[in-house]
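The values are calculated or read from the model by the stated rules, or taken from the named source; none is laboratory data. These numbers were taken from a predicted model, which means no experiment stands behind them. Cβ placement follows ideal geometry from the backbone for every residue including glycine, while neighbour counts extend to all protein chains displayed. Side chains included, ligands, DNA and RNA excluded: accessible areas come from the protein's heavy atoms. Shrake-Rupley method; radii C 1.70, N 1.55, O 1.52, S 1.80 Å.
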Amino acid sequence: MRTYAGHSSAAASNELYRRNLAKGQTGLSVAFDLPTQTGYDPDHVLARGEVGKVGVPISHIGDMEALFRDIPLEGMNTSMTINATAMWLLALYQVAAERQAEAAGEDPAAWVHALAGTTQNDIIKEYLSRGTYVFPPAPSLRLITDMVAYTVREIPKWNPINICSYHLQEAGATPVQELAYSLSTAVAVLDAVRDSGQVPEDEFAQVVARISFFVNAGVRFVEERCKMRAFVELWDELTRVRYGVTDAKARRFRYGVQVNSLGLTEAQPENNVQRIVLEMLAVTLSKDARARAIQLPAWNEALGLPRPWDQQWSLRLQQVLAFESDLLEYDDLFTGSVVVERKVAELVEGARTEMGRIEAMGGAVAAVESGYMKSALVASHAERRRRIESGEEVIVGLNKFETTEPNPLTADLDTAIQTVDATVEQAAAAAVREWRERRDADPDRRGRAERALDRLKADAASDTNLMAATLECARAEVTTGEWAAALREQFGEYRAPTGVSASVGVGSAEPGGGLARAREAVARTNEELGEKLRVLVGKPGLDGHSNGAEQVAVRARDAGFEVVYQGIRLTPEQIVDAAVAEDVHLVGLSILSGSHMELVPDILSRLRKAGADDIPVVVGGIIPESDAAALKQAGVAMVFTPKDFGLNEIMAEMVDVIRTSRGLSPLATLPA
């Protein structure tokens, strides 16, 4: 039982963890901030506005020791949501455990051997959904392979990868796509480990036994439960047939769950509680396909960062199910169900077909590089949006049953969510600079750090397993940014396909509806201005959750706009340069990480300096009302939040923003 937690600083997060453990939480799930996830120190230009927002910043071994102070790692089970820099964070975790053992007068090697937990480390889904990748697919897969080979011998209770279907569903995946894409990722990893020669054939079953999964549970209760039974069946078949694993225990499908955050609503957020409970039941009722670990979001996650009390509520939901109900006392409740068996068979067959298609392309990595999987997810997500906007898919409180009594939980929105102190970033940036300066002021410590980085680069240029060099970097007081920069130098960086240009939007699915009206508005404004409307959809900062930006870009294109979308991880300077160079009529910014108050004013300022302050800016994201008011005061034309789910209406509002900026009357005031 966990809550996904971490923010502000290592010390603040340590206090939160110890408080949660005292309340009965049985494991830790660490959220790292975006600079840590993408290999930057807090004082890097791209880290601006992102430090400590969606997780805890960890810049070096000192931070990792502070994060787990007074939490003995030998007896803890720790899940770390980290991917591109997973090897680095595991090394820091191991060294922190070694130092705890030494302080306790015990054998560090024995503590390391006893470490239990999980590094997420699924880089494939990062190219498809979360966007915290750093390196190209091939070297990224190598880092995973080296970690798997290392942990299976040195940290045998550790799960070196947590293959994530969770984020695929968040990006729009159907149950069949979720099954097929995540299992194809598992095939890519297992094939790479097998082919590396680092693990003897007779030990390969141990590798299979340490592969775990991280799954999404949506609110479609029956379908989600059947999906999990399909996962169990397909994994057992795959590991038995493709890899020859005869030990049934090693073939067990081991998975943890974060229930669906995509379906949580800003509108009537109290409804999120029953959604969370239903989704938790979907992965616990069926004993033969039951989750081994569950972490639940809080009711107010669509509003902002949950407070400790909100996290406690989510923990109590699990405890009531586990300790008050009789659920755990019985065998599988659905064995022999005709309905369940029929649905499971349908999902299994669909997943096998899609996995075969990916295999024919050359596997999951090839399907990422070609843009196939990303385009398919963008298209699936567009179809889901269409169903919600048309009312075909009902979201209670959002597109149906919208009337509501005043909500006491959100009466004061400024206190209904956790906020991160604005000084956190400055303190973290100053602290990492001081760490480097103190280290480098000592010739011996500076020399050890330099030698460690040189070794890392040399090993990266060969086929040597990179864990040993990474562990030495951790012990030598190297920082997260320095470790990642050394590997960037060897491996290069990567920009994954956006999936937007090849994706089909709603097209003419609703010829007389909102899209047709949006197209008419765009066409009429094109005619009045004598040019085609151009919009730039921008993702500033390190927030890689691009699903919303992609859907806006696809719908804007379908509405008749010319769309400029360059993907994720752009600086304010790059966005402004593109807006000026492309001579756009509007800039739309998507930010979900909480960095809007730092990045948006910077973009507005740069537009003014470039003489382009006549280009209106609109912003979308998880933005509290007080922040939205401040952004509008600063010059933002409109702010959209999750309650603004009607993309066609957003398109029409964007047209009116452009018309106002160009001295034209809003279309709503003109005769038809």
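Worth pointing out:
- In region 530-572, the GluC sites (Glu not before Pro) that fall in loop regions by DSSP, at most 16 other Cβ within 10 Å: 531
- Only aspartates and glutamates eight or more places from residue 457 in sequence, or on another chain, were considered; those with a Cα closer than 17 Å are 146, 472, 477, 482, 489, 493.
- Debye, to nearest 20: dipole size of the chain, +1 on Lys, Arg Cβ, -1 on Asp, Glu Cβ: 560 debye
- For region 39-74, trypsin sites (Lys or Arg not before Pro) are listed when DSSP marks them as loop and at most 16 other Cβ atoms sit within 10 Å of their Cβ; the list is 69.
- Taking the three principal axes of the alpha carbon atoms in the chain, the coordinate ranges are 80, 70, 52 Å, sorted in descending order.
- Principal-axis analysis of the Cα atoms of the chain puts helix 137-154 at an angle of about 30° to the longest axis.
- For the residue pairs 343/374; 539/609; 125/539; 227/249; 125/157, the alpha carbons lie no more than 29 Å apart in every case.
- Cβ charges +1 (Lys, Arg) and -1 (Asp, Glu), total dipole of region 535-614, debye: 140 debye
- Antiparallel %, DSSP beta bridges [both residues in the chain], to 5: 0 percent
- Formal net charge of residues neighbouring residue 654 (Cβ-Cβ distance under 15 Å; K, R +1; D, E -1): +2
- Sum of side-chain charges, residue 610 neighbourhood, beta-carbon under 13 Å (Lys, Arg +1; Asp, Glu -1): -4
- Nearest 10 degrees, 0 to 90: helix 480-491 Cα axis against the chain principal axis: 90 degrees
- Percent accessible area from carbon and sulfur atoms, the chain, protein chains only, probe 1.4 Å: 51 percent
- Among 471-484, 20-33, 134-147, 238-251, sorting by the average number of other beta carbon atoms lying within 10 angstrom of each residue, highest first, gives 471-484, 134-147, 20-33, 238-251.
- Each Lys or Arg adds one and each Asp or Glu takes one away; over the other residues whose Cβ falls under 12 Å from the Cβ of residue 237, this sums to +2.
- Accessible area per residue for the chain, computed on protein heavy atoms with a 1.4 Å probe, is 39 Å².
- The slack between residue 383 and residue 531, meaning 0.36 nm per residue of separation minus the straight C-alpha distance, is 50.2 nm.
- Rounded to 10°, Cα long-axis angle of helix 86-103 versus longest principal axis of the chain: 40 degrees
- The aspartates and glutamates within cross-link reach of residue 287, meaning a Cα-to-Cα straight distance under 12 Å and a gap of 8 or more places when in the same chain, are 329, 331, 332.
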